[in-house]
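Trainee: Have a look at the structure that comes next, please.
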Amino acid sequence: SNADDMIILKGVNIFPIQIETILLQFKELGSDYLITLETAESNDEMTVEVELSQLFTDDYGRLQALTREITRQLKDEILVTPRVKLVPKGALPKSEGKAVRVKDLRKTF
């Protein structure tokens with residue numbers, strides 16, 4: 001689904017553009033991201049995978065600090081705490097040349 005579709009997670013309305021706006025503020029990140037929603041032990045969870053820009057280091061300490069800072073800013077904005085995963089440039093799936101933004105794998109009962 002695309003970046004305009006509202007997500008409802010734990011009763012909170014979230015627009016992917018809110019997430020995108022924060023990610024774009026980090027020069028260490030590229031422009032491609034993927035939001036995955038899944039159900040784990042009857043809890044809905046959100047994972048945000050985001051590609052690093054080519055310029056960024058693979059220094060583990062810096063990556064950890066960056067992950068924490070992105071997680072904090074996202075939580076402040078969308079009120080739920082996502083899992084943030086930084087991935088190498090080009091790692092995220094593309095379909096017809098367009099990046100897939102939201103993957104909803106939640107169980108619906």
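The values are calculated or read from the model by the stated rules, or taken from the named source; none is laboratory data. Everything numeric in this text was worked out from a predicted model, so none of it was measured. Here the Cβ is made from the backbone with ideal geometry for all residues, glycine too, and neighbour counts use every protein chain on show. The accessibility values were calculated without ligands, DNA or RNA, using every heavy atom of the protein model including side chains. Shrake-Rupley method; radii C 1.70, N 1.55, O 1.52, S 1.80 Å.
Trainee: Within the group L37, L79, L63, which residue is more than 13 Å from the chain's Cα centre (by Cα) and in contact (Cβ under 8 Å) with a residue 60 or more places away in the chain? Outline the logic, then answer.
Mentor: Numbers: L37 fails: more than 13 Å from the chain's Cα centre (by Cα); L63 fails: in contact (Cβ under 8 Å) with a residue 60 or more places away in the chain.
Only one candidate qualifies: L79.
Trainee: Still on this model: Scan the range 18-53 residue by residue and report those that are farther than 11 Å from V84 by Cα, part of a strand (DSSP E or B) and either in contact with a helix residue (DSSP H, G or I) (Cβ under 7 Å, 6 or more places away or on another chain) or among the aliphatic types (A, V, I, L, M) (or both).
Mentor: L29, L37, A40, L52
Trainee: Also: Of everything in the range 54-101 that's part of a strand (DSSP E or B), out of contact with any helix residue (DSSP H, G or I) (no Cβ under 7 Å at 6 or more places or on another chain) and open to solvent by less than 60 Å² (accessible area, probe 1.4 Å), which residue is farthest from E28 (Cα to Cα)?
Mentor: Initially, the range 54-101 is screened for residues part of a strand (DSSP E or B), giving 83-87, 94-95, 98-99.
Imposing the further condition that a residue be out of contact with any helix residue (DSSP H, G or I) (no Cβ under 7 Å at 6 or more places or on another chain) reduces the set to 83, 85, 87, 94-95, 98-99.
Filter once more, so that each one left must be open to solvent by less than 60 Å² (accessible area, probe 1.4 Å): 87, 95, 99.
Values: V87: 11, S95: 24, A99: 19 Å.
Result: S95.
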